[in-house]
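Structure below; questions to follow.
The values are calculated or read from the model by the stated rules, or taken from the named source; none is laboratory data. A quick note: this is a predicted structure, and the numbers were derived from the prediction, not measured. Cβ placement follows ideal geometry from the backbone for every residue including glycine, while neighbour counts extend to all protein chains displayed.
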Amino acid sequence: MKYRTIGTDPNTRREVSVLSLGAMLFGTATDEATSFAVLDRYVEAGGTFIDTSGNYAFWANGTQGGESEELLGRWRRSRGVGDEIVIATKVGARPLAPGTGWIDNAEGLSAAVLRESAERSLDRLGVSKLDLLYAHIEDPTVPLGETVEGFAKLVAEGTVGLLGVSNHWAWRVERARSLAVAAGLPGYEVLQYQHSYLRPRTDLPGALSPDGSQGEAGGDLLSYLRAEPELAMVVYSPLLRGGYVHQDRLDAVEYGHPGTPARLAALREVAADAGATVNQVVLAWLIGGELPMIPLVGASSVAQLEESLAAVELELTAEQRARLDAAR
C-alpha cells in the first residue's frame, strides 16, 4: 500500500492510504458477513481510509440512512479497530423523513444540523472523534458563514478533525474557504467529487441545477486544485459503476460523444501493454497523475477489492500516461 497526508494542521492532518474504500452499501445491499470480509481484507492490505455518510443507504429500505455507519461501528468493535483507521462521513443529504428523497427534502447545513448529525455519527461509529466530516451537498438556504462557523465549532471542541466538501460548485468552495481564512477558522481541506478517465458532457442539466452537475469535477474545479496544492481530492465512482467493463452501463447521453470511443481505445491499448485490467489502469492513472487523486472504490466482494488493491502498485510509464492523456 502507498500513503499520503491529507490536511495541513499538525493537530488534525492524517496519513491515509491512496486507495479509499467506500462503505455506502455495507449493511444494506451488501450483507454484514460480506461487508466484514471486504473490510478485513482492505485493512490487511494496508488500507486505512474508509468512506461513508450519515444518509447511507436511505434508499435501500425506505429509511433516513445510517445503516452503513452502524455496520462500521459493529465492525470496529468486533475487530478492536482504533484510530489507525480514518473513517470519513458526511452531513447534509439525510432525508428529513423516512421513505422520502433528498433533493427537495434534505437536512441541510445549518449549525444545528451539523451538530445533531455529528452526534449521530459519533454514536453509530462508536468513536470519540470524527476523523473527517464532509458537507455532502450544497444548502443555498443557509448562509455560508453559518455553515463555516458551525463546522469550526465542532473542530474546536474536538468533535471533528478535518473538514471536507463534496458536490459543491467550485466558487462556493472558494467562498467558504475564504470566509474561514478571514475569520481565522479551519476550512475545507479535502474535496470529494466524481471523476474518472472518461469525460462526461458538461452541458447537461444536473439533478440540482440547470447548469450541470455540482458532483462532477469540471475544469474549474481541477484548475482550482492546481492552484491550491494543499487540498486533497478524493474521487468517487472512478470506475463508473462498472462502465469500463460493461459499457452498456455508461449513460448513453452523458458519454455519447466522440471522445469516449477514442479514450476507451487508448485505455484498452495501455491495459494490454501494462498487463493490467482496464479498471486498474484507470485507478493508477488517477493515483499517479500530475494532479494526484485518491480513488474511492466500492466492492461487493473480496475479489472485486483485490483488483483495485493491485492497481496501487501499477506504475504507468510516461509514454503510457501520455498516450492516455492525448486521446480525444
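Tell me the helices (runs of 4 or more DSSP H) entirely within region 245-328 that contain at least 2 residues that are in contact with a Leu (Cβ under 9 Å, 6 or more places away or on another chain) and at negative phi. Walk me through it before giving the result.
Working: elements: 259-274, 278-287, 302-311, 318-326.
Correct list: 259-274, 278-287, 302-311.
A further question on this structure: Any idea which residue in region 215-244 is farthest from the chain's Cα centre (by Cα), counting only those that are part of a loop (DSSP other than H, G, I, E, B), aliphatic (A, V, I, L, M) and under 15 Å from residue 292 (Cα atoms)? If you could, list the steps in order and put the result at the bottom.
Taking region 215-244 and keeping what is part of a loop (DSSP other than H, G, I, E, B), we get 215, 217-218, 228-231, 237-239, 243-244.
Filter once more, keeping what is aliphatic (A, V, I, L, M): 217, 231, 239.
Subset that is under 15 Å from residue 292 (Cα atoms): 217, 231.
Values: 217: 12, 231: 14 Å.
This residue is 231.
Out of everything in region 85-127 that is closer than 28 Å to residue 297 by Cβ and of a type in the set (Ser, Thr, Tyr), what residue ends up being nearest to the chain's Cα centre (by Cα)?
89
Go through region 224-248 and count every residue that is surrounded by 12 or more Cβ atoms within 10 Å (Cβ to Cβ), farther than 15 Å from residue 196 by Cβ and either in contact with an Asp or Glu (Cβ under 8 Å, 6 or more places away or on another chain) or of a type outside the set (A, V, I, L, M) (or both).
The number of residues fulfilling the criteria is 4.
Among the residues of region 172-182, which ones are touching a helix residue (DSSP H, G or I) at 6+ places or on another chain (Cβ under 7 Å) and either surrounded by fewer than 13 Cβ atoms within 10 Å (Cβ to Cβ) or among the acidic types (Asp, Glu) (or both)?
Residue satisfying the conditions is 174 alone.
Just checking, which of 132, 185, 208, 204 is within 26 Å of residue 82 (Cβ to Cβ), of a type in the set (A, V, I, L, M) and out of contact with any Ser or Thr (no Cβ under 7 Å at 6 or more places or on another chain)?
Working: 185 fails: within 26 Å of residue 82 (Cβ to Cβ); 208 fails: within 26 Å of residue 82 (Cβ to Cβ); 204 fails: within 26 Å of residue 82 (Cβ to Cβ).
None of the others qualify; the one that does is 132.
If only one of 86, 148 is touching a helix residue (DSSP H, G or I) at 6+ places or on another chain (Cβ under 8 Å), of a type in the set (Val, Ile, Thr) and either at pLDDT below 95 or at negative phi (or both), which one is it?
Values: 86 fails: touching a helix residue (DSSP H, G or I) at 6+ places or on another chain (Cβ under 8 Å).
The unique qualifying residue is 148.
Those residues that are of a type in the set (Ser, Thr, Tyr) and crowded, with 19+ Cβ neighbours inside 10 Å, I need them from region 125-158; list them, please.
Kept after step one, since they are of a type in the set (Ser, Thr, Tyr), are these residues of region 125-158: 128, 134, 141, 147.
Selection gives 134, 147.
Please list, ordered by first then second residue, the pairs with beta carbon atoms under 9 Å, 6 or more apart or interchain, first in region 279-308 and touching a residue at least 12 places away in the same chain (Cβ under 8 Å) and closer than 21 Å to residue 86 by Cα, second of a type in the set (D, E, K, R) and surrounded by 23 or more Cβ atoms within 10 Å (Cβ to Cβ).
Correct list of pairs: 296/51.
Of the conditions (1) surrounded by fewer than 24 Cβ atoms within 10 Å (Cβ to Cβ); (2) of a type outside the set (Lys, Arg); (3) within 26 Å of residue 101 (Cα to Cα); (4) out of contact with any helix residue (DSSP H, G or I) (no Cβ under 9 Å at 6 or more places or on another chain), residue 169 clears all except one; give me its number.
(4)
If you go through region 97-105 one residue at a time, do you hit one that is at pLDDT below 95, buried (at least 20 other Cβ atoms within 10 Å of the Cβ) and either part of a strand (DSSP E or B) or touching a Lys or Arg at 6+ places or on another chain (Cβ under 9 Å) (or both)?
We begin by selecting, within region 97-105, every residue at pLDDT below 95; these are 97-105.
Right, trim to buried (at least 20 other Cβ atoms within 10 Å of the Cβ) and you get 102.
From what's left, either part of a strand (DSSP E or B) or touching a Lys or Arg at 6+ places or on another chain (Cβ under 9 Å) (or both): 102.
Checked against the condition, which is being at pLDDT below 95, buried (at least 20 other Cβ atoms within 10 Å of the Cβ) and either part of a strand (DSSP E or B) or touching a Lys or Arg at 6+ places or on another chain (Cβ under 9 Å) (or both), region 97-105 yields at least one hit.
In the set 317, 260, which member is surrounded by fewer than 16 Cβ atoms within 10 Å (Cβ to Cβ) and either of a type outside the set (Lys, Arg) or under 22 Å from residue 201 (Cα atoms) (or both)?
On the way: 260 fails: surrounded by fewer than 16 Cβ atoms within 10 Å (Cβ to Cβ).
Exactly one of 317, 260 is surrounded by fewer than 16 Cβ atoms within 10 Å (Cβ to Cβ) and either of a type outside the set (Lys, Arg) or under 22 Å from residue 201 (Cα atoms) (or both), namely 317.
Same structure again: If we keep just the residues of region 190-214 that are in a loop (DSSP other than H, G, I, E, B), closer than 25 Å to residue 105 by Cβ and among the polar types (S, T, N, Q), which is farthest from the chain's Cα centre (by Cα)? Write out each step before concluding.
The first filter runs over region 190-214 and keeps only residues in a loop (DSSP other than H, G, I, E, B), leaving 195-214.
Retained after the next criterion (residues that are closer than 25 Å to residue 105 by Cβ): 204-214.
Next, from what is left, pick out any that are among the polar types (S, T, N, Q): 209, 213-214.
Working: 209: 21, 213: 15, 214: 14 Å.
Step by step, filter region 190-214, then rank; the result is 209.
I'd like the full set of residues that are surrounded by 15 or more Cβ atoms within 10 Å (Cβ to Cβ), among the polar types (S, T, N, Q) and within 19 Å of residue 89 (Cα to Cα), limited to region 1-46.
12, 17, 20, 28, 30, 35
So which residues in region 263-298 are surrounded by fewer than 17 Cβ atoms within 10 Å (Cβ to Cβ), within 22 Å of residue 232 (Cβ to Cβ) and in contact with a helix residue (DSSP H, G or I) (Cβ under 7 Å, 6 or more places away or on another chain)?
291
Then there is this: Could you give me the residue pairs with C-beta distances under 6 Å whose first residue belongs to region 234-262 and is of a type in the set (Val, Ile, Thr), whose second residue is modelled with pLDDT under 95 wherever it lies, and which are 6+ apart or on separate chains?
If the second residue must be modelled with pLDDT under 95, no pairs are left.
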